[in-house]
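Okay, structure first, notes after.
The values are calculated or read from the model by the stated rules, or taken from the named source; none is laboratory data. If you're wondering where the values come from, they're calculated on a predicted model, not measured in any experiment. Glycine gets a Cβ as well: all are built from the backbone with ideal geometry, and neighbour counts include every protein chain shown.
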Amino acid sequence: MAKAEILSLKPERVWQHFYDLTQIPRPTGQMEKVTRFVMDFGKSLGLETVQDKVGNVLIKKPASKGYEGKQTIILQSHLDMVPQKNADVEHDFSKDPIGTKIDGTAVTAISTTLGADNGIGVAMIMAVLEDSSLKHAPIEGLFTIDEEVGMNGAFGLEKGFLKGSLMLNLDTEEEGELTVGCAGGADVTAVFEYKQDENVFKGDVAYKVSLRGLKGGHSGTQIHLGRANANKLMNRFLKDVVANYEARLASVNGGSLRNAIPRESFVVLSIPEQLSDDLIDLVAEYESLFREEYAGVEDGISLKAELVDMPTSLIPEEIQDDLINSIEASPNGVISMLSDFQGVVESSLNLALVESTEGKIEVKYLVRSSSESKKDSVCSSLESLYSLAGARVIVDGSYPGWQPNANSELLKAMEMIYLDKYNKRPEVIVIHAGLECGIIQSNVDQKLDTVSFGPTITGAHSPDERVEISSVEKNYDYLVSILEQIG
């Protein structure tokens, strides 16, 4: 998108800052450029700008005249984005800017994730900090790092870094919703270790089987939509071809990030040359089967096989069988629903990655739950399953959920402001995705009264990510009104 085109959108300050963010590579784990950008921004405004030991940036803006005695408000968003792209696109997230375009009523990217999650929130905070005409209490603009994988910024937040008692998190993805709680999560990794089998049969040939075209998406907010998981589908095919066509597995690579529903999976396998035509037929059968099973949910499933050079080694049969049987037996998707909030997932797991390197296969999950005990139970089930298969199981990266505050004065005020402005009540929700709010609360001495909201973003964590233009303007207008009336 040309800079002039995006600056035609309202509010201009927000879209200016968002455009600038699209020009800065900021995948999780590569925060130096974007934190420097935000630090320079704060200092250019003459505002107190500091960075803690892990890299979080805090910009402090004094209160407007007449608002000096009000409670300090924390505005919080995360700086990193999920780096997802379509397989046929050449894009290096470590150095390439995001190409964007206007598509009808939304801004989207060109075959990659957009980074509106959470770049739009960052841009809104920057716009507030920059605008000297706004009326507001003292503001602390908190920009956290590495939220998407591990929530390292929130976990590493230093005690005493924040002074505010009210916090507005700008990472909710549906305009008109006020989020007051979210699920916690944990990472589970099963590791199969082995010595490569170099007994490759001379009469065999090798094929690369590629599963593409799935929608993928956010493993929290979209886990309940019944979308296909590339690792589960590929494993079904593998179980059949190994059991009935004398196939041997050489490598497997499915998925990319724990918090993204896997869209693609690739395997290299060997098979007796005389069964090549049977393999091609089987691939076509499974492609047709998957398209039939997911009709109305997935519209682009592609399963193809191509002849490749014969590998010099294979995964041992015992490991191959244990891997396939474990993944086949593993649950995936929704485990339980919340009784207090209709239609909201309580517990789930995402079979996110299956990756082989020489002598090792890793199977990675993200487990989410609003219940700590149920989160532990799902993790324990996976640990038992893969331990029985002989794998080493690691459970780490656990983070707490954010429990709703039934007596939130901030929530009450925000509900009334929304009702007065738009003549309708906002929807108060608890979400299954992970937000930093509960972790930040655990890392400050004072009690925080926290609500999350944001514009409408769809397709987060996938190349289908879109942010609705009108919702950005409405959401920023709402934010400005909140700042004028609370504190």
Find all pairs meeting these conditions: Cβ atoms under 9 angstrom apart; at least six residues apart or on different chains; first residue within region 399-420 and at positive phi; second residue of a type in the set (Ser, Thr, Tyr).
none
Which residues, taken from region 351-371, are surrounded by fewer than 20 Cβ atoms within 10 Å (Cβ to Cβ) and assigned to a strand (DSSP E or B)?
GLU355, THR357, LYS360, GLU362
Can you confirm whether THR28 is more than 13 Å from ILE145 (Cα to Cα) and of a type in the set (S, T, N, Q)?
no
Starting from region 206-232, take each residue that is of a type in the set (Phe, Trp, Tyr) and list its partners that are surrounded by fewer than 18 Cβ atoms within 10 Å (Cβ to Cβ), counting only C-beta distances under 7 angstrom and pairs at least six apart or across chains.
TYR207/GLU306; TYR207/LEU307; TYR207/VAL308
Please give the number of the condition LYS447 fails out of (1) part of a loop (DSSP other than H, G, I, E, B); (2) under 24 Å from GLY343 (Cα atoms); (3) not small (Gly, Ala, Ser).
(2)
Give the number of residues within region 60-91 that are without any contact (Cβ under 8 Å) to a residue 60 or more places away in the chain and of a type in the set (Asp, Glu).
2
Does LEU307 fit the bill of being assigned by TED's automatic domain parsing to the domain that holds GLU362, surrounded by 17 or more Cβ atoms within 10 Å (Cβ to Cβ) and of a type outside the set (D, E, K, R)?
no
Odd one out for GLU465 among (1) more than 30 Å from GLY156 (Cβ to Cβ); (2) acidic (Asp, Glu); (3) under 25 Å from the mean Cα position of the chain (by Cα)
(1)
